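Let me begin by presenting the structure, written as structure tokens, before commenting on it.
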Amino acid sequence: MKYLGILLAAALSLPAFAHDEGHGPKLTDAGKMGGVLTAVVLAKDAKLGPEAPLVYKAELTRADDGTVRVYFYDKDMKPLDASVLPKSAEAFLQSKKKKKWTSVPFKLIRTDEGYEGKAPKPSGKPFNIDVKIKEGARELLAAFDGLD
């Protein structure tokens with residue numbers, strides 16, 4: 001019984017050690033397309049975690065066939081004019097298999113509303129998708145974590 005209590009206490013404390021701070025401030029908005037919303041920060045500020053200044057917001061949706069769509073919004077959740085965004089974006093599917101993280105790049109192409117592309121199949125769980133776009137001299141990062 002003593003061991004059961006120790007095991008239970010250890011299991012309940014695991015969420016306290018989880019990394020759920022992300023690469024930018026925590027958002028309370030809901031996505032407009034039914035997807036996952038994240039902060040967009042300067043890539044150089046990603047290491048600041050929740051202290052990284054918010055540049056934009058981004059939403060990611062996924063279809064069963066692997067199609068990924070990413071929509072960008074301003075701080076007030078108004079859609080950004082996609083025509084001012086670069087014609088393509090870099091995306092990276094990061095997945096964990098046997099305690100090792102792998103990163104597989106894939107391309108996103110700008111559409112009328114945002115970006116679209118086909119994500120590779122994750123090799124394990126959990127997995128994340130990071131999206132990087134260039135806006136002039138700035139490199140922006142939208143990190144969608146815990147997509148399993």
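The values are calculated or read from the model by the stated rules, or taken from the named source; none is laboratory data. Treat the numbers as computed from the prediction; the structure is a model and nothing was measured. Virtual Cβ from ideal backbone geometry, glycine too; neighbours counted across all protein chains shown. Surface accessibility is based on the protein's heavy atoms, side chains included, excluding ligands, DNA and RNA. Shrake-Rupley method; radii C 1.70, N 1.55, O 1.52, S 1.80 Å.
Here are a few things to note about the model shown:
- Under 5 Å from the amide H of residue 135 lie the amide H atoms of 140, each residue being 5 or more positions distant or on a separate chain, with H modelled from the backbone and absent for Pro and chain starts.
- Modelled this way, with points 7 Å down the Cα-to-C-beta line, the labels at residue 137 and residue 81 are 2.3 nm from one another.
- Couplings 3J(HN,Hα) for segment 83-98, derived from phi with the Karplus relation 6.51 cos²θ - 1.76 cosθ + 1.60 (θ = phi - 60°), are 5, 8, 8, x, 5, 8, 9, 8, 10, 9, 8, 10, 9, 10, 9, 6 Hz, where x marks Gly and Pro.
- 3J(HN,Hα) from dihedral phi, segment 45-50, Karplus parametrisation 6.51/-1.76/1.60, rounded to Hz, x for glycine, proline: 9, 4, 5, 6, x, x
- A 1.4 Å probe run over the protein chains yields, for segment 52-148, 56 Å² of accessible area per residue, whole-number rounding.
- For residue 143, net neighbour charge (Lys/Arg +1, Asp/Glu -1) across residues whose Cβ lies under 10 Å away: -1
- Cα centroid of segment 40-70 to Cα centroid of segment 108-148, whole Å: 7 Å
- In terms of distances greater than 18 angstrom between alpha carbons, the cross-link table entries 87/118; 98/132; 57/100; 100/121 yield 98/132; 57/100.
- Options 30, 103, 83, ranked by Cα towards positive dipole end of segment 21-113, top entry (Cβ charges): 103
- Computed 3J(HN,Hα) for segment 73-81, one whole-Hz value per residue from the Karplus formula 6.51 cos²θ - 1.76 cosθ + 1.60 where θ = phi - 60°, is 10, 7, 5, 9, 6, 8, x, 6, 5, glycine and proline marked x.
- Aspartates and glutamates whose Cα lies under 18 Å from that of residue 47, excluding same-chain neighbours fewer than 8 positions away: 20, 21, 130, 139, 145
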